[in-house]
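See structure below.
The values are calculated or read from the model by the stated rules, or taken from the named source; none is laboratory data. Not measured: the values here are computed from a predicted model. For neighbour counting, all protein chains shown are included, and Cβ atoms are generated from backbone atoms with ideal geometry for every residue, glycine included. SASA here: full protein model, heavy atoms, side chains in, ligands and nucleic acids out. Shrake-Rupley method; radii C 1.70, N 1.55, O 1.52, S 1.80 Å.
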Amino acid sequence: MSDDEGIGYVKPDRVIHYGSLEERLRLQSAAAGANAIKAGIAAGNISIAGKAEPMDLEAEVSASKQELLDEFEKRKKARQLAVSTDDGEVKAYLRQLGEPICLFGEDKADRRARLRLLLAALGEGALRKKNELAYARRDSKYATWYHEGSETLRQARVWIAQYSLPRSHFRLEKAREEEATSSAQINAKQQELHKKLRAMTIESSQIGDTRPISYCEFSPNSEMLVTASWSGLCKLWSIPDCQPIRTLRGHNCNVGAIVFHPYATKNLDNSACCLASCAQDGTVKLWSLDSEEPIADIEGHAPYRVSRLAYHPSGRFLATCCFDNSWRLWDLEAQEEILHQEGHSKPVYDIAFQNDGALCATGGMDAFGRVWDLRTGRCVMFMEGHLKSVLGIDFSPDGYHLATGSEDNTVKIWDLRHRKLVYTIPAHKGLISKVKFQPEHGNYLITASYDNTIKIWSNPTWTPLKTLAGHEGKIMMVDISKDNKFIASSSFDRTFKLWTPDVI
């Protein structure tokens, strides 16, 4: 029998006939596969519970497209969300949402991005929770503490109210008169002022000490300049020839500030308390214009540093900024501390009084500013917006604008009438050490920075008018003379400089 005819095998009961060799191999393979499937089913490795559905490729593509669109929409929403740059707040909100506050290898930027995506996915409800949490954290962490005051404080508040109300009335009347002035006259004056400011140059430069000059201020009559140094010495200089008049000796370490009494060199006797200074060791000293030695000491700050101090416009009160996270108000007539005000979570660095005498503003190293009503003791405005310490603060002569300078290199302009931020100036490449409005009119603002420059900004457009460069070190303080003829600056390079021409 040939191969083409097949091969037959005879067994006792039956005869099994196979076809060609190719057919036999196919059948053997199929049998082996069937046996393998049976073995897999028996072992539990193959499930036969349901029948496989045919794959719908068009549906799969549509689903993929929808997923991509949803992902793009979620990322678009995430980019539009404003998320705090404070890593502590980001972690707190992640915890509020029940998410891990940190993933392996995740940095601050990644954590913020993750929070954005979560907020975009959760929607408006999560945003409301975020705002509620932010307010709760701010109110608990940066709470203002009020304590029962003394009878002396109550009398001082009544006195301040009686002092400030007539001045406020006069300021408003003056503002109404200026508003009635024609716009052509106002524009002409502004153009003339800007022309002079753009021509500002160095009038004189003087080496003031062997250590950095930390502070400078013009006298109320604009005929003297006082400087303070890290050597512990304070010096009086004649203006404009910058000749030394007197050296004030009394501090033993870095002097942070020295300021004139509002009526010194005018109708205040030279033997009275004409100057006040503060130092790193917490000492505050009062000076006359007749002696090189202090006439009085104000105690109560040590061992905390006193960074800045300022006279109330009346001259009766002195405010000091202390590194125990508080500021103090001293009654120089009663010769006692009448107010020890808390409210900042980090040291209070600078303080300024409104010209009326009704308000004062403080800037802290917690990156916040606060405006206080001296007649009631209330914090009437909370200024939140800077990313780092607020190192300079000043009121505009109009009484309702306020400027703050920060370690984040920006200057912010605030409106007290609306209690909000109205403008941010990306002013310098280094921290802002001081901001100062032009006296009387407030037509421009000057800023000093650790980038070794001073800049002049127009008001109200806040455009740069002039950059004053000449110091070789960080500029620590800047001031404008009361007659608007000079700008003075003091620097880490141990010099102070006068800048002119005359300004109106």
Inset, instruction - Run HIS441 past the list (1) touching a strand residue (DSSP E or B) at 6+ places or on another chain (Cβ under 9 Å); (2) touching a residue at least 40 places away in the same chain (Cβ under 8 Å) and report the number of the one that doesn't hold. - result: (1)
Inset, instruction - Please work out which residue is most open to solvent (accessible area, probe 1.4 Å), limiting yourself to the range 332-343 and to residues that are touching a Lys or Arg at 6+ places or on another chain (Cβ under 7 Å) and either in a loop (DSSP other than H, G, I, E, B) or of a type in the set (D, E, K, R) (or both). - result: GLU333
Inset, instruction - Just one of (1) crowded, with 19+ Cβ neighbours inside 10 Å; (2) on the phi > 0 side of the Ramachandran plot trips up TRP462, so point out which. - result: (1)
Inset, instruction - State the number of residues belonging to the range 289-315 that are touching a Leu at 6+ places or on another chain (Cβ under 6 Å) and either farther than 16 Å from ILE258 by Cα or among the small types (Gly, Ala, Ser) (or both). - result: 1
Legend entry - Meets criteria (open to solvent by 10 Å² or more (accessible area, probe 1.4 Å), modelled with pLDDT of 95 or more and within 13 Å of the chain's Cα centre (by Cα)) for THR362: no
Legend entry - strands (runs of 3 or more DSSP E) within the range 209-296 that include 1 or more residues among the polar types (S, T, N, Q) and under 30 Å from the mean Cα position of the chain (by Cα): 213-218, 224-229, 275-279
Inset, instruction - Might you let me know whether the range 305-328 holds any residue that is open to solvent by 60 Å² or more (accessible area, probe 1.4 Å) and either among the hydroxyl-bearing types (Ser, Thr, Tyr) or over 20 Å from ASP209 (Cα atoms) (or both)? - result: yes
Legend entry - Residues within the range 367-388 that are surrounded by fewer than 21 Cβ atoms within 10 Å (Cβ to Cβ) and outside any strand (DSSP E or B), tallied: 7
Inset, instruction - Check whether at least one residue in the range 201-209 is open to solvent by less than 90 Å² (accessible area, probe 1.4 Å), at pLDDT 85 or above and under 25 Å from VAL306 (Cβ atoms), and report yes or no. - result: yes
Inset, instruction - Go through the range 439-450 and count every residue that is assigned to a loop (DSSP other than H, G, I, E, B) and at pLDDT 95 or above. - result: 1
Inset, instruction - Report yes if some residue within the range 463-481 is touching a Leu at 6+ places or on another chain (Cβ under 7 Å) and either within 25 Å of TYR349 (Cβ to Cβ) or in contact (Cβ under 8 Å) with a residue 60 or more places away in the chain (or both); otherwise report no. - result: yes
